[in-house]
């Protein structure tokens, strides 16, 4: 489905900035707001940082983008949605890598006690050192 159709289905206006944001996030790798803003500027020219923040919020709220917030890192955005995947985060460089669901179907993991909640998603972040940072240690 085209991004224009996704926006319309979500009840959002189709704008050049929103289309550029979706394309930038899809082509990027867990981008923060500044990186998304730079990508949008290169695609459509002038757009304010506040407009990018507002659009990212709307796109996330509509379920068209996923927002992750690793501790100590700015919020990051990705286009991979709806599959309850998890993330690996490098403690040194902050690189974020997707990792498929730990086991089975969403929510992948079951808490010891659900406290009466109907659990439908697990948001897991695995922390470690990425291969690039590890190879720097051996140099």
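The values are calculated or read from the model by the stated rules, or taken from the named source; none is laboratory data. Treat the numbers as computed from the prediction; the structure is a model and nothing was measured. With ideal geometry, Cβ positions are generated from the backbone for all residues, glycine too; neighbour counts draw on all protein chains shown.
Details
- Selection status of residue 66, within 12 Å of the chain's Cα centre (by Cα) and surrounded by fewer than 15 Cβ atoms within 10 Å (Cβ to Cβ): no
- Of the helices (runs of 4 or more DSSP H) lying entirely inside region 15-76, those containing at least 2 residues that are over 19 Å from residue 2 (Cα atoms) span 33-44, 49-61.
- Among the residues of region 108-139, those identified as surrounded by 14 or more Cβ atoms within 10 Å (Cβ to Cβ) and touching a strand residue (DSSP E or B) at 6+ places or on another chain (Cβ under 7 Å) are 124, 125, 129, 130, 133.
- For region 85-110, taking the residues that are modelled with pLDDT of 75 or more, more than 13 Å from the chain's Cα centre (by Cα) and not in a strand (DSSP E or B), the one that is nearest to residue 28 (Cα to Cα) is identified as 94.
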